[in-house]
Amino acid sequence: MRCPYCRHADSRVVDSREADDGQLIRRRRACPECGKRFTTVEEAVLAVVKRSGVTEPFSRTKIIGGVRKACQGRPVDDDSIALLAQRVEETVRAKGAAEIPSHEVGLAILGPLRDLDEVAYMRFASVYRSFDSLADFEREIESLRAAARARDNGGADAVEAAGRPN
Ligand SMILES: [Zn+2]
């Protein structure tokens, strides 16, 4: 790594530490020529391949922007959105691929967004899945209701099993 002060072509690593849960490596470097120190950050490149074939670096900020838009006017705070974006990044990185199709990023958003806020989820899904008729919305709402029923039933059964008086 070239020294940013004197442009000397080489530098020596004096310290390395992980940051951001191991997603980044920060290195402290020293220039043998001028003696100044500087920091570099190393990050594995994760590229998102858009439908057009164009790739762009994965961006958590972009996910936060898209989800925040879907959550407009909903009782969802910024911390929850940031946490969701972090979960999405973890899901996507866990696939271990250097390139991921953009629709997989969308899919990774849908699950946690549904848990967060169903209205925001519907907004996001309608754009992401290109809903173009009421039937699409009806189908999605029906699947949300089915999931909610399954949750409620599971909860009721659990309560009954745990606390049934004899
Ligand atoms: Zn230097």
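The values are calculated or read from the model by the stated rules, or taken from the named source; none is laboratory data. Here the structure is a predicted model, which is why all the values come from computation and not from measurement. Ideal geometry is used to build each Cβ from the backbone, glycine not excepted, and the neighbour counts take in all protein chains shown.
Points worth noting:
- Pair list, Cβ under 6 Å, 6 or more apart: region 4-19 residue closer than 12 Å to LYS36 by Cα, other residue near the ligand (Cβ under 10 Å from one of its atoms) and of a type in the set (A, V, I, L, M, F, W, C): PRO4/PHE38; TYR5/CYS34; CYS6/CYS34; HIS8/CYS31; SER11/CYS3; SER11/CYS31; ARG12/ALA30; VAL14/ALA30
- A Cβ distance below 6 Å, combined with a sequence gap of six or more or placement on separate chains, defines the contacts here; from region 106-135, residues that are in the same structural domain as ILE64 (by the TED database) reach residues that are outside any helix (DSSP H, G or I) and charged (D, E, K, R) in the pairs ASP117/ARG74; VAL119/ARG74; ALA120/ARG74.
- Residue satisfying all of: in region 1-33; acidic (Asp, Glu) and part of a loop (DSSP other than H, G, I, E, B); surrounded by the fewest Cβ atoms within 10 Å (Cβ to Cβ) among these: ASP21
- Unmet criterion (only one of (1) in contact with a Pro (Cβ under 8 Å, 6 or more places away or on another chain); (2) within 16 Å of the ligand (Cβ to nearest atom); (3) at pLDDT 95 or above; (4) not β-branched (Val, Ile, Thr)) for LEU84: (2)
- Matching residues in region 23-40 - criterion: being charged (D, E, K, R) and over 30 Å from VAL88 (Cβ atoms): ARG28, ARG29, GLU33, LYS36, ARG37
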